[in-house]
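Shown next, in structure tokens, is the structure this report addresses.
The values are calculated or read from the model by the stated rules, or taken from the named source; none is laboratory data. It should be emphasised that the depicted structure is a prediction, and the values quoted were computed from it without experimental measurement. So basically every Cβ, Gly included, is an ideal-geometry build from the backbone, and we count neighbours across all protein chains shown. Note: accessible area is taken over every heavy atom of the protein model, side chains too, but ligands, DNA and RNA are not part of it. Shrake-Rupley method; radii C 1.70, N 1.55, O 1.52, S 1.80 Å.
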Amino acid sequence: MDDHAVGSQRHLSRRSLIATGALAAGALGASAPVGTAFGPSPARAAAGVTKKVTIYAEQLPGGLFGYGLAPGQATVPGPLLEMYEGDTLEITLVNTTNQRLSIHPHGVDYSTESDGSPLNASFNNPGETRTYVWRSREMFAAAGRRFMPGSAGYWHYHDHAMGTDHGTAGVAKGLYGALIVRRRGDILPEKQFTVVFHDMTINNRMAPETPMFEANLGQRVEWIAIGHGNLFHTFHLHAHRWADNRTGMLEGPSDPSLVIDNKDLNPGSSFGFQVLAGEGVGPGAWMYHCHVQNHSDGGMAGIFLVRNADGSMPPGAEEAIHRFQGHTHTHGS
Ligand SMILES: [Cu+2]
């Protein structure tokens, strides 16, 4: 895993976990329940791979906690985890802290043992190592000419055991991250950004310390937006828009998906989409922010820097960034 253990979460490439499938030799479909009424068919299960990942939960400076792919590499948010429908992710969670904690996924299949909740006695005691198994599956035909959905989507994972039986302290302190389940054939992005709106923060930071995401003009950028905490939020990205469907792209001229540039991002919800950086509008320092006004004023804003296609800075961007950094925000609401 060392070659994938990049310190800064937002610099992880899409290869971070898709590539690790190749390392999981001899484990094809081993953990997937095949041939059951609601499970994938044997043929589909055989197409998936089991990927083994070790994640380290660590205490970070400033009272934060994080997940990382190697010791000393924990970040907030944690590593972006990816799988294709049909794949199984076998996560060995090493708890290096003195707190009870776990890892609980959204959007995939798991047994009660891998639930990550104290309700099911599924957590790591301080210092304990425990394995969690997340399964995924493809869409399949069901009765009445209907289809059961597969697992593909922009999901997330988080602690469910620190502080309370719901992991309230763990989530508040940074134990969360993005999980993408792709459908085979999906277009892969060149850049990926994880944005977690949590109480009055973005990725547990407030402006101007919020992450600045960068891409070159025309690069295919994938945003994964996640909500946590106790407040409702709306995610807005300047100068770009996306289809409100699974991928953010229209599948044809008559695709009925609504096209939006602002979307509710409430606790526990997540979505993602792809855009071409600066497409139709050009490079520049573009803002992303919560559109609840006292949240954006309070520090829930950041910059999406679209550089020129050759990577150089576009006119005015440096000044805009300085303006943002000198920006006064009314802290508190
Ligand atoms: Cu907000």
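Considering every residue within region 185-195, establish whether at least one is among the basic types (Lys, Arg), at pLDDT 95 or above and within 19 Å of the chain's Cα centre (by Cα). Let's see the steps before the verdict.
Narrowing region 185-195 to residues among the basic types (Lys, Arg): 191.
Among the residues that remain, those that are also at pLDDT 95 or above are: 191.
If we keep only those that are within 19 Å of the chain's Cα centre (by Cα) as well, we get 191.
Yes: region 185-195 contains one or more residues that are among the basic types (Lys, Arg), at pLDDT 95 or above and within 19 Å of the chain's Cα centre (by Cα).
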Top-ranked residue of region 222-261 - restricted to ones that are within 15 Å of the chain's Cα centre (by Cα) and of a type in the set (A, V, I, L, M), ranked as farthest from the ligand (Cβ to nearest atom): Ile224
So Glu214, is it surrounded by fewer than 17 Cβ atoms within 10 Å (Cβ to Cβ) and away from the ligand (no atom under 14 Å from the Cβ): no
Given (1) open to solvent by 10 Å² or more (accessible area, probe 1.4 Å); (2) touching a residue at least 60 places away in the same chain (Cβ under 8 Å); (3) touching a helix residue (DSSP H, G or I) at 6+ places or on another chain (Cβ under 6 Å); (4) within 16 Å of the ligand (Cβ to nearest atom), index of the condition Cys290 fails: (1)
Some residue of region 183-202 being open to solvent by 50 Å² or more (accessible area, probe 1.4 Å) and without any contact (Cβ under 8 Å) to a residue 24 or more places away in the chain: yes
Complete set of residues in region 58-84 that are hydrophobic (A, V, I, L, M, F, W, C), more than 21 Å from Val108 (Cα to Cα) and in contact (Cβ under 8 Å) with a residue 60 or more places away in the chain: Leu60, Leu64, Phe65, Ala70, Val76
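Touching a strand residue (DSSP E or B) at 6+ places or on another chain (Cβ under 6 Å) and open to solvent by less than 10 Å² (accessible area, probe 1.4 Å): does that describe Leu60?
Numbers: touching a strand residue (DSSP E or B) at 6+ places or on another chain (Cβ under 6 Å): yes; open to solvent by less than 10 Å² (accessible area, probe 1.4 Å): no.
Criteria not met by Leu60.
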Count of residues meeting criterion [within 16 Å of the ligand (Cβ to nearest atom) and of a type in the set (Asp, Glu)] in region 262-287: 1
Number of positions in region 217-227 that are buried (at least 19 other Cβ atoms within 10 Å of the Cβ) and of a type in the set (D, E, K, R): 1
Scan of region 159-173 for residues that are open to solvent by 20 Å² or more (accessible area, probe 1.4 Å) and either in a strand (DSSP E or B) or out of contact with any helix residue (DSSP H, G or I) (no Cβ under 9 Å at 6 or more places or on another chain) (or both), ordered by number: Thr168, Ala169, Ala172
